[in-house]
Amino acid sequence: MIKQFFAVVFAGSLIASVHAQEAPDALVQQVTEEVLEIVRKDKDIQGGSTQKVIDLVDKKVLPHFNFPHMTALAMGKDWKKATPPQQQALTHEFKTLLVRTYANALTGYKNQKIVYKPFKMNAGETDVLVRTEVLQPGSKPVQLDYSLEKLDGGWKVYDVVVAGISLVTNYRDQFGQEVRNGGVDGLIASISAKNKSLEANLAKAEKK
Amino acid sequence: MTLKQGAWVMRACSKWLVGGGVLLACAGSVLAEGNPRDPYEGFNRSMFAVNEVVDKYAAKPVAQVYDHVAPLPVKAGFGNFFGNVGDLWIGANSALQGKFADAGVDVGRLLINSTVGIFGLFDVASELGLEKHEEDFGQTMAVWGVGDGGYLFWPVIGPRTARDTAGWAIDSYVDPVWRVRPISTRNSMVALRFVDIRASLLPADKVVEEAALDKYAYIRDAYLQRRRNQIFDGRPPRLED
C-alpha cells in the first residue's frame with residue numbers, strides 16, 4: 001500500500017515537473033507555429049486588419065511574456081526612480097506599444113519560413129537565448145532571437161531581438177530623454193499619447 | 001569623447017567628405033552637449049530632417065513603384081545579382097578579419113553563383129548551404145580595434161558612425177559597380193541598386209513610424225545595435241543592464 005502511494009506521488013511529481021520545465025526552445029517553436037498557422041488561415045489578417053492581430057497576440061503570445069521585466073530593461077536605471085504605481089502604469093503603456101509593433105510585423109507576414117537554430121541548455125540554467133531565423137524569398141535571412149527567463153509559472157520571454165536590434169533596449173535612450181525632460185510621469189504621458197494617436201489611426205483605418 | 005576619437009572624426013571628415021560646410025558642421029557640433037554616443041546630434045538631426053524630405057518625395061515613391069511593379073523573381077534576381085557582385089569584397093574582409101574559412105565560403109559562393117547561378121541572378125550557393133556573410137570594411141576596422149568615433153547621419157547614405165563612414169568610402173572605392181563603363185550604365189546600376197535596397201526596407205517603415213517615440217533616436221539606436229551585432233557576427237557579448 002505504502003509502496004503504491006509513493007509510486008503515485010512520484011509519478012505525479014514527475015509529470016508536474018515535466019510540465020513546468022517545458023524547454024524554452026520548444027515553447028518558442030510551439031507558440032510561433034500556432035500563431036503563424038492562424039495568420040496563414042485568416043483572410044482579415046492577411047488583408048491588414050491590425051485589430052484582429054492584436055487580439056490574436058493578446059490571447060496567444062502575451063501570456064508568455066514578462067512585461068514588467070521588459071519595461072524595467074527598457075528604462076535601465078530610471079526604473080528604480082519610479083514608484084510601484086508608476087511602474088504599473090509604465091508597464092501597461094509599454095505593453096500596449098510593443099504589442100502593436102509586434103502585431104504590425106505579423107500583418108506583413110506572407111511567405112516567410114521560420115528556422116529554429118540548434119539549442120543547448122545546461123541543467124539548472126534560468127536565463128537563455130533561443131535563436132531563430134526568418135527566411136523570405138529574394139532577401140537575406142533575418143535573425144530573430146528571444147531571451148527567456150525561468151519563473152515559477154514557467155519560461156517567459158523578456159526580450160525580442162530582430163537582426164541584432166533589441167525591441168526593448170532600443171527604447172532606453174528615448175525613455176531616458178523623456179524622464180530627463182518631464183520626469184517619470186512625463187514618460188508615462190508620452191507613451192500614453194503615442195498609444196492614443198496610434199489607436200486613433202487604427203480606428204480611421206478600420207472604418208475605410 | 002576622447003581626443004583620439006575626435007581626431008579620427010576630423011580625419012574622416014576631411015578625408016572622405018570634402019566640403020567646407022560639412023567640415024564646419026562637424027567642428028561646430030563638437031561643442032553640443034548630450035548623448036555621448038551621439039556627439040554631433042544637432043548636425044545629425046538637421047541632416048535627418050533633410051533626408052526625411054528627400055525620402056518622402058523621391059526615394060520612397062520610386063521604391064514603392066519598383067516594389068509594386070517588379071514581380072518577385074525579378075526583384076530576387078536583382079538582389080542576388082548585386083549580392084553576388086559584393087561577395088568578393090566580403091571575402092576579402094572575412095580574410096582581413098582572420099576568418100579564412102568564411103573567406104573560402106565567400107569566394108566559393110562567387111564562383112558558383114557567377115557560373116551555375118547565371119551571372120549571379122540565382123543564389124544557388126545558399127541552396128547548397130554556403131551561407132552568405134555580411135562583411136564590410138567598417139566591420140574589419142572595428143575588429144582591428146578602431147572605435148566607432150561618434151554617430152553621423154548623412155543624407156541619402158543614411159546612418160554611419162565616423163569609422164563606418166570611412167569604411168563606406170573604401171567599400172565604394174573598391175565596389176565593381178562603380179567601375180562599370182560607360183558612365184550611363186554605371187549610373188543606372190548604382191540607381192537600381194539603391195532602389196532595390198530602399199524597397200527592401202519598406203516593410204520596416206511602418207514599424208519604425210509606429211514604434212518610435214522619437215524616430216531619429218529610434219533609428220540611431222537601432223543602427224548602433226545592428227552594427228554591433230554585425231561586428232560580432234550575430235553573437236555580441238551581453239551589455240550590462
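The values are calculated or read from the model by the stated rules, or taken from the named source; none is laboratory data. Please read all numbers here as calculations on a predicted model, not as lab measurements. All Cβ positions, even for glycine, are placed from backbone atoms using ideal geometry, and neighbour counts span all protein chains on display.
Return a yes/no flag: does region B:87-104 have any residue that is in a helix (DSSP H, G or I), under 20 Å from the mean Cα position of the chain (by Cα) and either within 30 Å of A:Arg172 (Cβ to Cβ) or within 14 Å of chain A (Cβ to nearest Cβ) (or both).
Scanning region B:87-104 turns up at least one residue that is in a helix (DSSP H, G or I), under 20 Å from the mean Cα position of the chain (by Cα) and either within 30 Å of A:Arg172 (Cβ to Cβ) or within 14 Å of chain A (Cβ to nearest Cβ) (or both).
For region B:37-63, which positions are part of a helix (DSSP H, G or I) and either in contact with a Cys (Cβ under 9 Å, 6 or more places away or on another chain) or of a type in the set (A, V, I, L, M) (or both)?
B:Phe43, B:Met47, B:Ala49, B:Val50, B:Val53, B:Val54, B:Ala58, B:Ala59, B:Val62, B:Ala63, listed by residue number.
Only one of B:Gly145, B:Gly149 is at positive phi and touching a strand residue (DSSP E or B) at 6+ places or on another chain (Cβ under 7 Å). Can you tell me which?
B:Gly149
Can you name the residue in region B:105-135 that is assigned to a helix (DSSP H, G or I) and among the acidic types (Asp, Glu) and is also surrounded by the most Cβ atoms within 10 Å (Cβ to Cβ) among such residues?
Ranking the candidates gives B:Asp106 first.
Please enumerate the residues belonging to region A:22-72 that are surrounded by fewer than 16 Cβ atoms within 10 Å (Cβ to Cβ) and outside any helix (DSSP H, G or I).
Correct list: A:Glu22, A:Ala23, A:Asp42, A:Gly47, A:Gly48.
Taking A:Thr107 as the residue in question, decide whether it is at pLDDT below 90 and under 29 Å from B:Leu202 (Cα atoms).
Yes: the conditions hold for A:Thr107.
In the set B:Ser188, B:Ser172, B:Ser114, B:Ser200, which member is hydroxyl-bearing (Ser, Thr, Tyr), in contact (Cβ under 8 Å) with a residue 12 or more places away in the chain and under 27 Å from B:Lys60 (Cβ atoms)?
Numbers: B:Ser188 fails: in contact (Cβ under 8 Å) with a residue 12 or more places away in the chain; B:Ser172 fails: in contact (Cβ under 8 Å) with a residue 12 or more places away in the chain; B:Ser114 fails: under 27 Å from B:Lys60 (Cβ atoms).
Result of the check over B:Ser188, B:Ser172, B:Ser114, B:Ser200: B:Ser200.
Hey, can you tell me all the residues within region A:189-199 that are within 12 Å of chain B (Cβ to nearest Cβ) and not hydroxyl-bearing (Ser, Thr, Tyr)? Give the derivation first.
Within region A:189-199, the first condition is being within 12 Å of chain B (Cβ to nearest Cβ), and the residues that meet it are A:189-195, A:197-199.
Correct list: A:Ala189, A:Ile191, A:Ala193, A:Lys194, A:Asn195, A:Leu198, A:Glu199.
Can you confirm whether region A:69-77 contains a residue that is more than 11 Å from chain B (Cβ to nearest Cβ) and within 22 Å of B:Arg226 (Cβ to Cβ)?
From region A:69-77, those more than 11 Å from chain B (Cβ to nearest Cβ) are A:70-71; that's our starting set.
Retained after the next criterion (residues that are within 22 Å of B:Arg226 (Cβ to Cβ)): A:70.
Yes: one or more hits.
Does region B:110-120 contain at least one residue that is closer than 25 Å to B:Lys206 by Cα, more than 14 Å from chain A (Cβ to nearest Cβ) and of a type outside the set (D, E, K, R)?
Looking through region B:110-120, none of the residues is closer than 25 Å to B:Lys206 by Cα, more than 14 Å from chain A (Cβ to nearest Cβ) and of a type outside the set (D, E, K, R).
Looking at (1) closer than 30 Å to B:Arg193 by Cα; (2) more than 14 Å from the chain's Cα centre (by Cα); (3) more than 10 Å from every other protein chain (Cβ to nearest Cβ), which is the one condition that is false for A:Leu144?
The number of the failed condition is (2).
Go through region B:137-241 and tell me which helices (runs of 4 or more DSSP H), entirely inside it, have 2 or more residues that are more than 9 Å from every other protein chain (Cβ to nearest Cβ), touching a Cys at 6+ places or on another chain (Cβ under 9 Å) and modelled with pLDDT of 95 or more.
Those helices (runs of 4 or more DSSP H) span B:162-174.
Testing B:Asn80 on (1) part of a loop (DSSP other than H, G, I, E, B); (2) crowded, with 19+ Cβ neighbours inside 10 Å, one condition comes back false. Which one is that?
Among (1) part of a loop (DSSP other than H, G, I, E, B); (2) crowded, with 19+ Cβ neighbours inside 10 Å, B:Asn80 violates only (1).
Among the residues of region A:150-179, which ones are more than 10 Å from every other protein chain (Cβ to nearest Cβ) and among the charged types (D, E, K, R)?
Answer for region A:150-179, where residues must be more than 10 Å from every other protein chain (Cβ to nearest Cβ) and among the charged types (D, E, K, R): A:Lys150, A:Asp152, A:Lys156, A:Asp159.
Out of (1) within 13 Å of the chain's Cα centre (by Cα); (2) over 23 Å from A:Glu33 (Cα atoms); (3) among the hydroxyl-bearing types (Ser, Thr, Tyr), what's the single condition that is false for A:Thr101?
Condition not satisfied by A:Thr101: (2).
Taking region B:176-213, which residues are among the charged types (D, E, K, R) and buried (at least 16 other Cβ atoms within 10 Å of the Cβ)? Spell out how you get there, then give the answer.
First, pick out the residues of region B:176-213 that are among the charged types (D, E, K, R): B:179, B:181, B:186, B:193, B:196, B:198, B:205-206, B:209-210.
B:Arg193, B:Asp196, B:Arg198, B:Glu210 - these are the residues of region B:176-213 that are among the charged types (D, E, K, R) and buried (at least 16 other Cβ atoms within 10 Å of the Cβ).
Please indicate, with yes or no, whether at least one residue in region B:160-167 is farther than 30 Å from B:Gly98 by Cβ and in contact (Cβ under 8 Å) with a residue 12 or more places away in the chain.
No - not one qualifying residue is present in region B:160-167.
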